[in-house]
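The next block holds one structure in the form of structure tokens; read it before the comments.
The values are calculated or read from the model by the stated rules, or taken from the named source; none is laboratory data. This structure is a prediction, so every number in the text was calculated from the model and none was measured. Methodologically, a virtual Cβ is constructed for each residue, glycine included, from the backbone with ideal geometry; neighbour enumeration extends over all protein chains shown. When the accessible area is computed, the model is the full protein with side chains, heavy atoms only, and any ligands, DNA or RNA have been set aside. Shrake-Rupley method; radii C 1.70, N 1.55, O 1.52, S 1.80 Å.
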Amino acid sequence: MNLTHTSKVALVTGAGRGIGKAIAENLAADGHLLICVSKNPSSCGAVAEAIVAQGGKAVAKAVDVSDASAVAAACEEIIKDYGGVDILVNNAGITRDGLVMRMGDDDWNTVLQTNLSSAFYWVKGLLRPMTKKRWGRIVNISSVVGIQGNAGQANYSAAKAGLIGMTKSMAREFSTRSITVNAVAPGFITTDMTAVLPEEVQTKIKGAIPLARFGTPEDIAATVNFLCSENAGYITGQCFSVDGGMAM
Ligand code: NAD
């Protein structure tokens, strides 16, 4: 299928590696100007440089997405430099796993702040110009564990489930401006985040995946790309599972 795209400004958080990097590269391949955000300036810088080296358009911005005032300042700069963004992908995320009995407040708050509040900060900072243009695409990266839960991930699954609820509310609020808001819920994807899982845990997880393998960052990027395209203009408030059939 040929997706129709006109060149837009797109911002992807957590674009320094893994799923965010694949999403940024995929959108850049369609001619969009990419603003690659991550906490680490060298990783988002390297991704932006690689996109430019391949003939694309990209800039890097090092921002800690869990810091409300840092996100607000970055949004002001982006509005000044580019007039805002047309596409916003809230992808940055972390895990701090542990059973509830042993989970400290810091592990709870940091995960909620980084995975959920951050998406609210970016939308709030970039919404005004998007509403004026009367066109926008917002995609929030949730997780299969936001749908099913997972022992040892109360903080992470709460944040990821929260993103789905936030997506649906925002979709209703922004609909009159032709801004769509959707979520993508990846299953287990081969990235640094899942590389830390011991071999026997990975084998056990694969046994619970109908397609019997981990997904790739490109599997997620392809779905995000579609949701950001003109072709997806009649889809909003949805959560798409890209998980090899885990959450049926
Ligand atoms: P990753 O750890 O490989 O990459 C995460 C990226 O987010 C990095 O670039 C990191 O610098 C950035 N980041 C983290 N904290 C940040 C902060 N405070 N400010 C700015 N940037 C920050 O992770 P990944 O596997 O590519 O996951 C990407 C997203 O997909 C996350 O939201 C994750 O929860 C979600 N997800 C991943 C999987 C999986 O199996 N890998 C499954 C479901 C959902």
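Side notes on the structure shown:
- Listed as lacking a disulfide-compatible partner in the chain: Cys75, Cys228, Cys239, by the criterion of no other cysteine Cβ under 4.7 Å.
- A straight chain from Thr131 to Tyr234 at 0.36 nm per residue would run longer than the Cα-Cα distance by 35.4 nm.
- Dipole moment magnitude, nearest 20 debye, the chain about Cα centre, only Lys, Arg, Asp, Glu C-beta charged: 680
- Dmax and Rg, reported as Rg then Dmax, of region 127-209 (C-alpha, Å): 16.3, 51
- As a fraction of the 1.4 Å probe accessible area of the chain, surface on carbon and sulfur atoms comes out at 54 percent.
- Inter-site label distance for Asn40 and Ser178 at 7 Å from Cα along Cβ, in nm: 4.0
- Computed with the Debye formula from one identical point scatterer per Cα of region 106-248, without solvent, the log10 of I(q)/I(0) at q = 0.11, 0.20, 0.22 Å⁻¹ comes to -0.44, -1.24, -1.40.
- If you count Lys pairs in region 80-228 whose Cα atoms are under 17 Å apart, skipping same-chain pairs closer than 8 places in sequence, the total is 7.
- Column: log10 I(q)/I(0), Debye, Cα scatterers of region 187-248, q = 0.12 Å⁻¹: -0.37
- Rg over Rh, two decimals, region 1-96 (C-alpha only, Kirkwood Rh): 0.96
- Kirkwood hydrodynamic radius of the chain, from the reciprocal of the average inverse Cα-Cα distance over all distinct pairs: 18.1 Å.
- Magnitude of the charge dipole, region 134-243, Cβ model with Lys/Arg +1 and Asp/Glu -1, debye to 20: 420
- Multiplying each eigenvalue of the alpha-carbon gyration tensor of region 30-75 by 5 and taking the square root yields semi-axes of 22, 11, 6 Å, largest first, rounded to whole angstroms.
- Multiplying each eigenvalue of the alpha-carbon gyration tensor of region 33-175 by 5 and taking the square root yields semi-axes of 28, 19, 13 Å, largest first, rounded to whole angstroms.
- With R₀ fixed at 30 Å, the C-beta to C-beta distance from Ala222 to Met101 puts the FRET efficiency at about 0.15.
- Accessible area per residue was computed with a 1.4 Å probe on protein heavy atoms; Leu163 scores about 0 Å².
- Dividing the alpha-carbon radius of gyration of region 63-129 by the rule-of-thumb value 2.2 N^0.38 Å gives 1.30.
- Å² per residue, accessible surface of the chain at 1.4 Å: 47
- Between region 92-121 and region 136-173, the Cα center-to-center distance that results, in Å: 13
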